[in-house]
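The values are calculated or read from the model by the stated rules, or taken from the named source; none is laboratory data. Note that the structure is predicted; figures quoted are calculated from it, not measured. Because the Cβ atoms are built from the backbone with ideal geometry, glycine has one as well, and the counts that use them run over all protein chains shown. Surface accessibility is based on the protein's heavy atoms, side chains included, excluding ligands, DNA and RNA. Shrake-Rupley method; radii C 1.70, N 1.55, O 1.52, S 1.80 Å.
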Amino acid sequence: MMKSITIKDVILHPVALSLVELLPISAGTEPFKGAIVVEVITDNGITGWGEVSSAPAPGYTGETVGTSYHVLHNWMANLVKGQTIDDPRQVYDLIHRIRYHEHAKHGLEAAVWDAFAKANDMRLADLLAHYAPEGHESRNKAVVGVSIGLQATDEELFNIIDKRLKQGYRRIKLKIKRGRDVEMAQIVRERYPDISLMLDANSDYTLDDAEHLAQFDQFNLLMIEQPLSHDDIYEHSFLTKKMNTPICLDESIKTVGDLKLALQIGAIDILNLKPARVGGFTESLRCYEVCVEHELPLWIGGMLEVGVGRAANVALASLPGITLPCDISATDRYFDPDITEPPFVLGEGSTLDVPDGYGIGIEVQRERLEEAVAQWYEHDQYVLG
Ligand code: MG
């Protein structure tokens, strides 16, 4: 029997941080990292942290830091305040009547999971394992890769790939877009014949491009991620039959129902699971269970999270049903410094360790958090240019 917690307060910290390296994708480039750090305080004085990793602009899901703040502040936080939680999955039911806004839901839910784990002297990784299928225990580390944004020239791309390989990353993901795709993959494959390589199109193609996309089959890719529309499942079911490269869905899968549909009609070979995209850990664990049951290869994706969200992703990625390297890189890929300590450092075999401490296992640095909040208020007029 686990100890329950009662939520006394929810505090929202919108933040902006400079990125060490930008991540240009087919949909555009975010000039800085935006997020909301959610702080949940229990009546016993325990603090739980969660991250809403919606971007400054509505280019991934429709959410932005601004919309997430709006629904959290005006609605979601009030549905959770004063509630006693004896199973962290209850948060899903408390906020489910608010439709969509998955990133916002995830950040709030994650803060409660963190507080609940701390109240029970557990690591978040072990709490997640507790609600995973029987026998699934944390492996205490996550196997990870690195994602490289679109680069203007092949030379710049090679330089970054060389740097990442030297750092020890064993799986390289490249962003592609129309006009910067097949030739680029070819030249990269020629230069690096043996690396584990995958591509992410972030929805830049249509089914009419099937023949063009099938050219990727010659490059022995681990997968191609989200080639077609961000809200499509149906047309992907035709594309999987027109090319041999495994098709991974990211943007299209927002619920466990989407995942079941994609499996049923043969639209998916691999799932990139982002807790932020499916609205939290409860829905993530449902997706996890379906993947295990169907032996669907699964990995955890990233939203350029700050340490709070990164630690939570590492915890989830440490479960044994995660069968492919995840998009969770070391802290120095993203921020200098992050708002949390200690940083995540790339270890042996392209891995990140699950921290030993309870909950997410790392500490938010209050002073840096306040600086990042001040940064946000300097940037909050930002609109997609
Ligand atoms: Mg993706």
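Surface calculation, 1.4 Å probe, protein heavy atoms: residue 67 sits at approximately 50 Å² accessible. Could you tell me how far the Cα centroid of the range 1-59 sits from the Cα centroid of the range 276-335, in Å? Result: 16 Å between the Cα centres. Ranking 163, 33 from most to least accessible surface, computed with a 1.4 Å probe over the protein chains only, gives 163, 33. Can you give the Kirkwood hydrodynamic radius of the chain from its Cα pairs, in Å with one decimal? The Cα-based Kirkwood calculation yields 20.8 Å. Near residue 274, the amide H atoms lying under 5 Å from its own belong to 301; only residues 5 or more places off or on other chains count, and H is placed 1.01 Å from N.
Accessible surface of the range 286-327, 1.4 Å probe: 49 percent of it comes from carbon and sulfur atoms. Note on exposure: 101, 294 ranked by accessible area (1.4 Å probe, complete protein assembly) read 294, 101, with the most exposed listed first. Placing +1 on the Cβ of every Lys and Arg and -1 on the Cβ of every Asp and Glu, with no other charges, gives the range 55-177 a dipole of roughly 360 debye about its Cα centre.
Rounded to the nearest 10 square angstrom, residue 213 shows an accessible area of 0 square angstrom against a 1.4 Å probe.
Remark: the range 1-132 carries 38 Å² of accessible area per residue (probe radius 1.4 Å; ligands, DNA and RNA excluded). Adding -39500 (n - 2.57) for every DSSP H run of four residues or longer, then dividing by how many residues the chain holds, sets the calculated 222 nm ellipticity at -9500 deg cm²/dmol. Rolling a 1.4 angstrom probe over the range 1-107 with all protein chains present gives an accessible area of which 51% lies on carbon and sulfur atoms.
Both numbers refer to the Cα atoms of the range 190-313; Rg and Dmax are 14.6, 42 Å. Taking all protein chains together, 96, 236, 212 sort by accessible area into 96, 212, 236, largest first [probe 1.4 Å]. Note on the chain: with charges restricted to the Cβ of Lys and Arg (+1) and Asp and Glu (-1), its dipole about the Cα centre is near 280 debye.
Against the chain, whose longest principal axis is taken from its Cα atoms, helix 307-317 shows a tilt of about 70°.
Ligands, DNA and RNA excluded, the heavy atoms of residue 137 present near 130 Å² of accessible surface to a 1.4 Å solvent probe.
Remark: the range 264-385 carries 39 Å² of accessible area per residue (probe radius 1.4 Å; ligands, DNA and RNA excluded).
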